[in-house]
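All of the numbers you see were taken from the coordinates with simple rules; none came from a lab. This structure is a prediction, so every number in the text was calculated from the model and none was measured. For neighbour counting, all protein chains shown are included, and Cβ atoms are generated from backbone atoms with ideal geometry for every residue, glycine included.
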Amino acid sequence: MKNTKLIATAMFLMAVFCITATAQVDEKKMNRFIDKLMSQMTLQEKIGQLNLVEGEDVVSGGKEKAAYVQMVKDGMAGAMLDIMDVRKIYAVQRMAVEESRLHIPLFFGLDVIHGYSTVFPIPLGLSCSWDTAAIERSARIAATEATAEGLCWNFSPMVDICHDARWGRIAEGAGEDPYLGSKVAAALVRGYQGNDLSAGNTMMACVKHFAMYGASDGGQDYNAADMSRWRMYNEYLPPYKAAIDAGAFSVMSSFNIVDGIPATANRWLLTDLLRKEWGFRGFVVSDYESITDMTNHSIGDSLDCATASLNAGLDLDMCSYVYIRKAEQLLREGRITMKTIDQSVRRILEAKYRLGLFDDPYRYCRDTLRRDSIILCPDHRAEARRIAAETFVLLKNDNNILPLRRHGKIALIGPMANDRLNLSGTWSWCAQPDRYLTLLEGLRRAVGDSAEVLYARGCNLMYDAQMEDRMVRRKKMRDPRPDDQLLREALAVAAKADVIVVAVGECAEMSGEAASRVNLELPDAQRDMLQALKRTGKPIVMLNFSGRPVILNWENENLDAILQVWFAGSETADAIADVLFGKMSPSGKLTTTFPYHVGQYPMTYARFASGRPMGETFQRFKTNYLDVPVEGLFPFGYGLSYTQFDYSPITLSDTLLDSHSTITASVTVTNSGNCDADEIVQLYLRDNSGSVVRPIKELKGFQRITLKKGESRRVEFLIDEPMLRFYNAQLQHVSEPGTFTLMIGPNSRDVQSLTFTLR
Ligand code: NOJ
């Protein structure tokens, strides 16, 4: 026994040693290797490294297949995206390695945004767990599955801050707050990249979309974003920087303009800020065809676009094929220099070196059987189920109608109730819906023989079939039966039930890329169905599926309970059952405000202090609206539980702080309700005086704690001077002496506060 223990310890130490030994790349050795390789490369071979090629055509026999295959064989491709099959990746890698003159391997990328085939909740949902350790584990699992499929580069994390849910891509990020967004960004990078990029089961992260993509005018995708540098630095840039500080080795430029110049060709952004100010050492890839898209921005023809991108510091061309076609000419004409090309080539080769591809080009794809035991394995699915349940946000629960008891008759009604395709949400290319349960199947399994789950679809997503067709491209779910027949069926089912659970909201493709919408209320057919169900007088629990905050005024006034479930991934059905029937208490908290009206956008809880702030009650000539409140219906940080948490008054260890000292702020949180549950305790600060106007509150800390029924815990936050820094008008990151209000609470609205002074 003792011996076994000793051997295990020795093996563990050896493993740790091996990891740390390989984690650090020997830079000198790497540089020597790359110098030598580059000295053998022709100009065209160098430019080839800057060419990211579409793999879908190659594997599906698309019209460009022959051209792309030739590029690979000629050494005119540096990397490939969108192949989701390890055997096909292996075949393409063989072409690159065995048929190209210098045998340089490719790296293979994909959008593995929230899991591979074990699908986690969409990122906006994930962020609502505020559980950075779990988020990191989700990324680790995503990387484990994706690398078993031969991939080694992930177009994630997407860290764009968004204050406007008309933008469909709010689904892909961590919501509205730069502090939480930074924590999530770093967790995802750690999860994907691990300690060692060359480990074979880790993958290179790509931070996107650099930058300010989430601030597009009017919430329209690909639209202009424009803001002061001051706002950029304080609100929008921190998560990108956090991801880079966490070691992300690649960055994707965004489609939008920044200061009037497309990000794809913005030298200030891609070189001055990213490299010189932040010290980024990896490479920058364009977004899909975004270099040639710039002809539509009217910055010139494709030659002008390629010139501008290369000179701005954009290394790898995603599918515009303009570097490969034009860079040589640009060099001849003196519009770019050899130094610029060499610099970009070196960055791409460095990435390959760090991924271990020069040691073994087949590192990620040699073993084509590994995926069978890894992808969707029980451990991954169990983790996804646990995490999914943590992301649900309980918005309302009158008379503690939830959790439901497992008896009697439960009517499950709505377009999402028996659908399999949409559960994984946006960006889930590798989902395997056939292996996921529908909600109906999950609930039936959960109740077994002790209750009956009746089902009716009730309605389509919306009445207008043409509009639905526009919104739903791949995951079609329309029921051809007439609307009144669907509704009658639902009412008949509801009549037999003790409680009605409705599964309604958006379908997967109503949010995500190119899914901007202005009408964020429940679509007409679903609303009418809810109103009809309401007239039955039965209690109604709403499960709201959506990739964004939606408007829930009527639902909040009329329904008994609302659980926001986002798109929770492959384990949606089990996770919802766990929460509905009380195996787990809901613990998610909103990371994006739910407004009363879409006209409130753009909005954030962290609004700048106005000269005419709105008071407790409505007054004219204040910063407000005549017709809706200033704040949202459900504030940032909000989410209920099945239990009750009581917060003691805050205590501060001191009320004076200087640059050498710290203050401890503490509260005691007590679970005074009837079940064990998690709570997310939140710390906000307000800077009360300064050279520039500061937000009325900003998240500066949080802790997710588990409390057993009846248990109390003292929660402490350490306050120090760096926490109080912000970017001033000169963009210096400073703190300024004065008083600060410290707030602690269960959400951004319901806080207690105290003040302290920074000397
Ligand atoms: C376009 C999207 O904007 C980006 O997020 C994605 O990574 C690329 N396409 C590649 O699929």
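Report the one residue of Val284, Gly300, Ala265 whose Cα lies farthest in the direction of the positive end of the charge dipole of region 263-302 (charges on C-beta: Lys and Arg +1, Asp and Glu -1; origin at the Cα centre). Most positive-ward Cα: Val284. Bridging of Lys326 to lysines at a Cα separation below 16 Å is possible for Lys46, once same-chain residues fewer than 8 apart are set aside.
A straight chain from Gln220 to Asp342 at 0.36 nm per residue would run longer than the Cα-Cα distance by 40.2 nm. Hey, got the dipole for the chain? About the Cα centre, +1 on K and R Cβ, -1 on D and E Cβ, debye to the nearest 20? About 1060 debye. If the segment from Ile705 to Ala465 were pulled out straight at 0.36 nm per residue, it would be longer than the present Cα-Cα gap by 81.8 nm. The alpha-carbon of Lys352 sits under 16 angstrom from the alpha-carbons of these aspartates and glutamates, leaving out residues fewer than 8 places away in its chain: Asp26, Glu27, Asp35, Glu45, Asp196, Asp315, Asp342, Asp360. Put simply, the convex hull of the Cα atoms in the chain casts, on average, a shadow of 35.9 nm². Residues Lys496, Lys534, arranged from fewest to most other Cβ atoms within 10 angstrom of their Cβ, appear as Lys496, Lys534. Karplus-based coupling profile of region 262-275, in residue order and whole Hz: x, 3, 4, 10, 9, 5, 4, 5, 7, 10, 5, 6, 5, 8, with θ = phi - 60° in 6.51 cos²θ - 1.76 cosθ + 1.60 and x standing for Gly or Pro. Membrane-span-like helices in the chain, defined purely by DSSP H runs whose alpha carbon atoms cover 18 Å or more axially and whose average Kyte-Doolittle hydropathy reaches -1.0, are 2-23, 132-148, 178-193, 338-354, 483-496. The distance from the alpha carbon centre of region 513-546 to that of region 708-730 is 38 Å, rounded to a whole number. Translational D (Stokes-Einstein, µm²/s) of region 596-656 at 10 °C and 1.306 mPa s when Rh comes from the Kirkwood sum over C-alpha pairs? In µm²/s, the coefficient is 106. 3J(HN,Hα) along region 283-294, derived from phi through the Karplus expression 6.51 cos²θ - 1.76 cosθ + 1.60 where θ = phi - 60°, amounts to 10, 10, 10, 6, 7, 4, 6, 6, 6, 6, 4, 5 Hz, with x in place of Gly and Pro. Sparse packing (at most 16 other Cβ atoms within 10 Å of the Cβ) combined with a DSSP loop state is found for the following GluC sites (Glu not before Pro) in region 654-728: Glu711. Hey, if you put +1 on the Cβ of every Lys and Arg and -1 on every Asp and Glu Cβ in the chain, which of Ala456, Gln432, Ile324 ends up farthest toward the positive end of that dipole? Ranked along the dipole, the leading option is Gln432.
Overall size of region 645-758 from C-alpha positions, given as principal axis extents largest first: 52, 23, 17 Å. Comparing Cα centroids, region 677-704 and region 403-464 end up 38 angstrom apart.
Once each of the chymotrypsin sites (Phe, Trp or Tyr not before Pro) sitting in a DSSP loop with at most 12 other beta-carbon atoms within 10 Å is removed, the chain keeps 1-617 as its longest stretch. For the pair region 469-505 / region 337-391, the C-alpha centres are spaced 41 Å from each other.
Fully extending the segment from Asp85 to Glu98 would add 2.7 nm, taking 0.36 nm per residue of separation and subtracting the current Cα-Cα distance.
Only helical runs count toward this figure. For the chain, summing -39,500 (n - 2.57) over DSSP H runs of n ≥ 4 and dividing by all residues gives -9000 deg cm²/dmol at 222 nm.
Toward the positive end of the charge dipole of the chain, with +1 on the Cβ of Lys and Arg and -1 on the Cβ of Asp and Glu, the farthest Cα among Phe726, Gly632, Leu652 is that of Leu652. Under 5 Å between amide hydrogens, built in the peptide plane, is the criterion, and for Glu521 it picks out Ile551 among residues at least 5 positions away or on other chains. Ordering Thr617, Thr118, Thr592, Thr438 from the fewest to the most neighbouring beta carbons within 10 Å gives Thr617, Thr438, Thr592, Thr118. When DSSP beta bridges are restricted to pairs lying wholly in the chain, around 55% turn out antiparallel.
Could you list the residues of region 453-487 with an amide nitrogen less than 11 Å from a label point located 7 Å from the Cα of Asp528 in the Cα-to-C-beta direction? Those under the cut-off are 459-460, 462-464, 483-487. Backbone amide hydrogens, once placed in the peptide plane, bring Leu316 within less than 5 Å of Val284, Val285, Ser286, excluding anything fewer than 5 places away on its chain.
With a simple spin-label model that places each label point 7 Å from the Cα along the Cα-to-Cβ direction, the separation between Arg32 and Ala382 comes to 4.8 nm. Couplings 3J(HN,Hα) for region 103-115, derived from phi with the Karplus relation 6.51 cos²θ - 1.76 cosθ + 1.60 (θ = phi - 60°), are 6, 7, x, 8, 10, 10, x, 7, 7, 9, 7, 8, x Hz, where x marks Gly and Pro.
Where in region 451-487 does the amide nitrogen come within less than 11 Å of the point 7 Å from the Cα of Thr536, taken along Cα to Cβ? Counting backbone N atoms under 11 Å from the label point, the list is 454-458. Restriction of the trypsin sites (Lys or Arg not before Pro) in region 579-654 to DSSP coil positions whose beta-carbon has at most 11 other beta-carbons within 10 angstrom yields Arg620. Here the label points at Trp278 and Asp484, each 7 Å from Cα along the C-beta direction, are separated by 5.8 nm in the simple model.
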